[in-house]
1. When you go through 61, 73 one by one, which is the residue that is surrounded by fewer than 15 Cβ atoms within 10 Å (Cβ to Cβ) and closer than 18 Å to residue 100 by Cα?
2. When residue 110 is evaluated against the numbered criteria (1) touching a helix residue (DSSP H, G or I) at 6+ places or on another chain (Cβ under 8 Å); (2) at pLDDT below 85, which criterion, by number, is the only one it fails?
3. Report, by residue number, each residue of the stretch 92-115 that is in contact (Cβ under 8 Å) with a residue 40 or more places away in the chain and either surrounded by 14 or more Cβ atoms within 10 Å (Cβ to Cβ) or not in a loop (DSSP other than H, G, I, E, B) (or both).
4. Is it the case, given these coordinates, that residue 32 is surrounded by 22 or more Cβ atoms within 10 Å (Cβ to Cβ) and in contact with a strand residue (DSSP E or B) (Cβ under 7 Å, 6 or more places away or on another chain)?
5. Which residues, counting only those in the stretch 72-91, are touching a residue at least 24 places away in the same chain (Cβ under 8 Å), at negative phi and out of contact with any helix residue (DSSP H, G or I) (no Cβ under 6 Å at 6 or more places or on another chain)?
6. Could you tell me whether any residue of the stretch 74-82 is farther than 18 Å from residue 175 by Cβ, part of a strand (DSSP E or B), within 16 Å of the chain's Cα centre (by Cα) and modelled with pLDDT of 95 or more?
7. Taking the stretch 117-155 as the region of interest, how many residues are within 12 Å of residue 176 (Cα to Cα), at pLDDT below 85 and surrounded by fewer than 13 Cβ atoms within 10 Å (Cβ to Cβ)?
């Protein structure tokens with residue numbers, strides 16, 4: 001068995017952003033764990049990514065996508081994920097919280113997209129181009145689900161039609177929210193916003 005010990009908050013944040021089980025992009029219905037320590041969850045509109053140091057863990061022989069059968073309780077501080085050595089998608093694994101709650105873990109057969117392409121770089125004051133932010137307000141609700149209740153966050157953006165980069169003061173990871181398409185963006189007198 002491959003054993004991974006991970007901060008439970010990273011798993012909860014990735015789960016908060018993964019696609020639901022009905023999504024045809026089946027590889028978004030799970031959490032991506034990379035050999036480089038990335039923990040990623042996305043539904044195509046929001047994306048959570050964090051780095052986890054695999055110290056005190058077995059090395060992953062390859063990147064995997066896992067689906068956890070259930071939601072990690074808010075009281076959990078850490079989880080232990082046990083996966084089959086072969087990473088055979090016909091086999092299952094387990095996730096055990098530090099409180100002893102056990103969840104079934106399925107391996108998803110698929111290739112996760114290159115999530116690094118969509119994560120905006122952190123901006124400096126010299127790189128700010130816009131004071132407008134155009135996103136679907138319901139996606140902003142993912143911020144609290146991702147980082148926890150009453151968390152303080154910093155929002156970075158470059159331009160109206162660029163993704164938002166949201167970081168929490170706990171430095172747990174980054175949440176990315178895609179922008180609205182240009183034809184849906186309106187300001188002031190409900191005039192379409194000019195492209196940047």
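The values are calculated or read from the model by the stated rules, or taken from the named source; none is laboratory data. It should be emphasised that the depicted structure is a prediction, and the values quoted were computed from it without experimental measurement. Counting neighbours? That spans all protein chains shown, and the Cβs are built from the backbone with ideal geometry, glycine included.
1. The unique qualifying residue is 73.
2. That leaves (2) as the condition not met.
3. 93, 95, 97, 106, 107, 108, 110, 112, 113, 115
4. For residue 32, the condition - surrounded by 22 or more Cβ atoms within 10 Å (Cβ to Cβ) and in contact with a strand residue (DSSP E or B) (Cβ under 7 Å, 6 or more places away or on another chain) - is met.
5. Within the stretch 72-91, 73, 74, 75, 80, 81, 82, 83, 84, 85 qualify.
6. no
7. Of the residues in that region, 2 qualify.
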